[in-house]
Every structure is written in structure tokens, then in C-alpha cells.
Amino acid sequence: MSAGELEGIISKLKPGETVMIEYESNSSPEVLLFLLYRYSKKNNMRILVDDIADTFWEYLTRLEIMGFQREGLDSMDVIKAGGTKTVGNVVAKVELDRYMLDFKYYGKKYNEWRPKDEVLINPVLGIYKLFIMADPVESMRLVKNISTFVGNKSRIAFYFINYRAVEDKHPFVIPLMEEICTTVLKWNKRNCSFELKVIKASSAEIEGEYITLKLDEIQK
């Protein structure tokens, strides 16, 4: 199957959606970020990365080692939350307080920057790190704060979450996130192929869809 089929799934997502991408530690989620970037360029959509605790730097480093060209990838607009590695075009910075994100301040910075009358592709990288560092009450508050952004029609948000790591610390978080998110995707890697399954969708057209992508086809 081809990357075009993945683009077909992305094209069915609606403005205001919050998409949860569940991945495992060995599944190279950075490849899916690359595909979102390529989709945004092809469709003339602006992409904004929320980079929590240097996760964007980690993604770009691994992509480079895998043989992907960084040119273009490291020019994406970024709202940076915590961390010390500055990559991308940083348009705003938000501090982390005890590993927790001030969502009100983030929302203020986002609204100050966001282009009017455009729908953004908005990958959120590293949110799982906040869940791991939080206690149960803080984790519930984090889920609630994320839920307040569902329906924001200026963006289609993609929350990349290492679900095994979060399950081990707070088993209740993943079911709650699956409930509040409008679409849930699972991303896996099998040898040199990647698998994407739609396990929940706001669009009946893509509910239950399953595609496989080969690494050499993605890199063409």
C-alpha cells in the first residue's frame, strides 16, 4: 500500500479534531511526523509543532540517522514547552512548572501567533512525558485541559503518545484520552514496514481502516 492511502485518511479529518496517535517504543513515530509534514506541504497547510521537553529534537535526530533529509523539517513552526534544544522556527516558549504545562498561557501564545482563516496541522510531541512525571491528580487535570482544546476549529491536533509508558504509570489515562479524542490511530512497526489502524474515528469513511507502508516507499 502507498502513502497516498494515509493521505486519504488524513484528508477525512475535520477542523477541530483531536487525534490520538498511540505508538510503542520501537515503532518510530517520527516517521509518521514526517508523513504529516509531507501532507501539509502537498496541501498547502501550515504545520505547527508543540515540542514538549525536546521531543522534536529527538524526532529529527532519529529521522536524520534513518536517512531522511532534515531540510524543511527543521524549519517547521514550533511552540516550545520546556527543554533546552532549540530546533525549528520557535514562535513561542512556554515554561513547564514541575513538569506541568500552563494551558492558559499556552492558549494565549497560540492565539497570538496562529494565522487567521487557516486550519493548522498541529502535532503535539512529548505529552506522554508529562503524564509519566505527574501524580494521578495532575494526570486527571492534564486530561481535562487537553479536552478543552477539542473542537478548536483552527487546527487538527495530533497527540503522539507512547501508550505503554503511560499505561505502566497511570492505567486510567489511555482510556480517558481515547474517550475525549475524536479519532484514535495506532501506529506500529513490523520489520521495515509501518502499520496504521484507525480504531476510532469521527468519520465513518475511515472507521476501522488499516494500512501498511514500507520504509523505502516513504523515503522516495
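Read-outs throughout are calculated quantities, based only on the coordinates presented, and are distinct from any laboratory measurement. Note that the structure is a prediction, hence the values are computed from the model and not measured. Ideal geometry is used to build each Cβ from the backbone, glycine not excepted, and the neighbour counts take in all protein chains shown.
How about the range 80-113: which trypsin sites (Lys or Arg not before Pro) there are in a DSSP loop, with at most 16 other Cβ atoms within 10 Å of their Cβ?
On the way: sites: Lys80, Lys85, Lys93, Arg98, Lys104, Lys108, Lys109; in loops: Lys85, Arg98.
Passing both the DSSP loop test and the Cβ count: Lys85, Arg98.
Once a ≥ b ≥ c are taken as the square roots of the eigenvalues of the Cα gyration tensor of the chain, is the result rounded (a/c under 1.5), prolate (a/b larger than b/c) or oblate (a/b not larger than b/c)? Intermediate values should be presented prior to the final figure.
Working: a/c = 1.30, a/b = 1.19, b/c = 1.09.
Verdict is rounded for the chain.
Ignoring the sites themselves, what is the longest stretch of the chain with no GluC sites (Glu not before Pro) in a DSSP loop and at most 15 other beta-carbon atoms within 10 Å? Intermediate values should be presented prior to the final figure.
Numbers: sites that count: Glu24, Glu71, Glu95, Glu118, Glu205, Glu207.
Value returned for the longest uninterrupted segment is 119-204.
GNM, the chain, Cα, under 10 Å: largest mean-square fluctuation among Trp113, Trp57, Trp187?
With Cα springs under 10 Å in the chain, the top fluctuation among Trp113, Trp57, Trp187 is at Trp113.
Placing +1 at every Lys and Arg Cβ and -1 at every Asp and Glu Cβ, with all other atoms neutral, what dipole size does the chain have around its Cα centre, in debye to the nearest 20? Present the calculation step by step, with values, prior to reporting the outcome.
On the way: 31 positive and 32 negative charges, 78 e Å.
Computed about the Cα centre, the dipole is about 380 debye.
Using the Cα centre of the range 104-180 as origin and beta-carbon charges of +1 (Lys, Arg) and -1 (Asp, Glu), tell me which of Met140, Leu176, Ile156 is placed farthest towards the positive end of the dipole.
Toward the positive end, the furthest listed residue is Ile156.
Can you tell which of Ile21, Ile65, Ile174 shows the greatest fluctuation in a Gaussian network model of the chain with Cα springs below 10 Å?
Fluctuation is largest for Ile65.
For the range 151-208, which trypsin sites (Lys or Arg not before Pro) are in a loop by DSSP, counting at most 14 other Cβ atoms within 10 Å? Could you put the intermediate results ahead of the total?
On the way: sites: Lys153, Arg155, Arg164, Lys169, Lys186, Lys189, Arg190, Lys197, Lys200; in loops: Lys153.
Listed in order of number, the matching sites are Lys153.
Over the range 1-91, calculate the relative contact order: mean separation of alpha carbon pairs under 8 Å at least 6 apart, over the residue count, as a percent.
Working: 77 pairs, mean separation 22.4, N = 91.
Relative contact order, the range 1-91: 25 percent.
Does the range 11-99 come out rounded, prolate or oblate by the C-alpha gyration tensor, with a ≥ b ≥ c the root eigenvalues, rounded set by a/c under 1.5 and, if not, prolate when a/b is larger than b/c and oblate if not? Show your work: numbers first, answer last.
Values: a/c = 1.33, a/b = 1.16, b/c = 1.14.
Note, shape of the range 11-99 comes out rounded.
Short version: ³J(HN,Hα) in whole Hz for each residue of the range 161-166, in order, from phi by Karplus 6.51 cos²θ - 1.76 cosθ + 1.60 (θ = phi - 60°), x for Gly and Pro, what are they?
Here the 3J(HN,Hα) series is 10, 6, 6, 5, 4, 6 Hz.
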